[in-house]
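Right, one structure below, let's go through it.
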Amino acid sequence: MNTLVFLDPDNGFETRTRRGPKWVRHVEVKWLVEQLPESAAVAVYQHRPRRRWGDLFADLATRLDYAPNVQVVYEANLAFLVLSRARGTAERLARAAIGYCEGRPGVRAAALTRAAYSRGYEPRFR
């Protein structure tokens, strides 16, 4: 079953310093990812805090180990992170993200992986 669950917390994912009702907890998203069929995905709204996207994405990459595939679509002040378990689902989402960015200057897409950040470089954002 192809399912997309959209989460719209006020600010996005919890961080080490930000917790509470305005942020979605990783334990909640992990539970959803694990309960849904492999063909499903979870999309999470993320407001940009007062830090660079690259720094936030690097931090999130280390905490999203429960989702093997994470696609990010972002612009100046907001992002959507789409988490999935199945590679085929991730590939379809990546194509959709890249297609969405075409013709929209300032909107970018990327695959967010922990491995890329652990090797000391940021993944290439489109």
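Restricting attention to the range 67-85, the residues that are of a type outside the set (S, T, N, Q) and surrounded by fewer than 16 Cβ atoms within 10 Å (Cβ to Cβ) add up to 4.
In the range 88-114, what count of residues is obtained for those that are polar (S, T, N, Q) and closer than 19 Å to LEU60 by Cα?
If we filter the range 88-114 for residues that are polar (S, T, N, Q), which is where we start, we get 89, 113.
From what is left, the residues that are closer than 19 Å to LEU60 by Cα are 113.
Residues meeting the conditions: 1.
Checked against (1) touching a Pro at 6+ places or on another chain (Cβ under 6 Å); (2) at pLDDT 90 or above, TRP23 meets all criteria but (2).
The values are calculated or read from the model by the stated rules, or taken from the named source; none is laboratory data. Keep in mind it's a predicted model, so treat the numbers as computed, not measured. Positions of Cβ are generated from backbone atoms using ideal geometry, with glycine treated the same way; all protein chains shown enter the neighbour counts.
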